[in-house]
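Taking it in order: structure first as C-alpha cells, then the write-up.
The values are calculated or read from the model by the stated rules, or taken from the named source; none is laboratory data. Remember, it's a predicted structure, so these values are computed and weren't measured experimentally. Positions of Cβ are generated from backbone atoms using ideal geometry, with glycine treated the same way; all protein chains shown enter the neighbour counts. In case anyone asks, the SASA skips ligands and DNA or RNA and just uses the protein heavy atoms, side chains included. Shrake-Rupley method; radii C 1.70, N 1.55, O 1.52, S 1.80 Å.
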Amino acid sequence: MARQALGIELSRRIELRSEIASVIQNPQPGPTGLTSAVWYLRLAKVGDVYTASYSADGQTWTALESLTNAAIGATPKVGLFSLSGAQTASKTV
C-alpha cells in the first residue's frame, strides 16, 4: 500500500492480512521503510500456514512473519489490493 496525505511524504507498505468472518486477524505482518515503487510479491501455503515474501528485484526475497488460519479451508480467496483515502478513480494493481 502507498499512503500519502497532502503535503506529507509518500509512505509505502506491504501487508499480509488474514480475515475470519470479515474480521481482520492479528498479526498483520509487514515491512517498513519501503522506497521502491515496484515490488514483487509471492504467497506460499503449506497446510494452514501462509507465508508472504517480497522483493525489489525478483531475485532476493524477504519473508514476512507467517500466518496460520485453519478457518480458510481448502478453497481460500486470495487477492491483491491497493488503497488510498483520497483516490477518486480506479487503480490497476
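In this structure, is THR68 open to solvent by 80 Å² or more (accessible area, probe 1.4 Å) and at pLDDT 70 or above? Can you show your working first?
On the way: open to solvent by 80 Å² or more (accessible area, probe 1.4 Å): yes; at pLDDT 70 or above: yes.
Spelling it out, THR68 is indeed open to solvent by 80 Å² or more (accessible area, probe 1.4 Å) and at pLDDT 70 or above.
Restricting attention to segment 1-22, which residues are at pLDDT 75 or above and open to solvent by 70 Å² or more (accessible area, probe 1.4 Å)?
ARG17, GLU19, ALA21, SER22
Would you tally the residues in segment 23-50 being at pLDDT 80 or above, within 16 Å of ILE72 (Cα to Cα), out of contact with any helix residue (DSSP H, G or I) (no Cβ under 9 Å at 6 or more places or on another chain) and loosely packed, with under 10 Cβ neighbours inside 10 Å?
2
Filter segment 12-26 down to the residues that are outside any loop (DSSP other than H, G, I, E, B) and either touching a Phe, Trp or Tyr at 6+ places or on another chain (Cβ under 6 Å) or among the charged types (D, E, K, R) (or both) and list them by number.
First pass over segment 12-26, keeping only residues outside any loop (DSSP other than H, G, I, E, B): 12, 19-20, 23-24.
Those that are outside any loop (DSSP other than H, G, I, E, B) and either touching a Phe, Trp or Tyr at 6+ places or on another chain (Cβ under 6 Å) or among the charged types (D, E, K, R) (or both): ARG12, GLU19.
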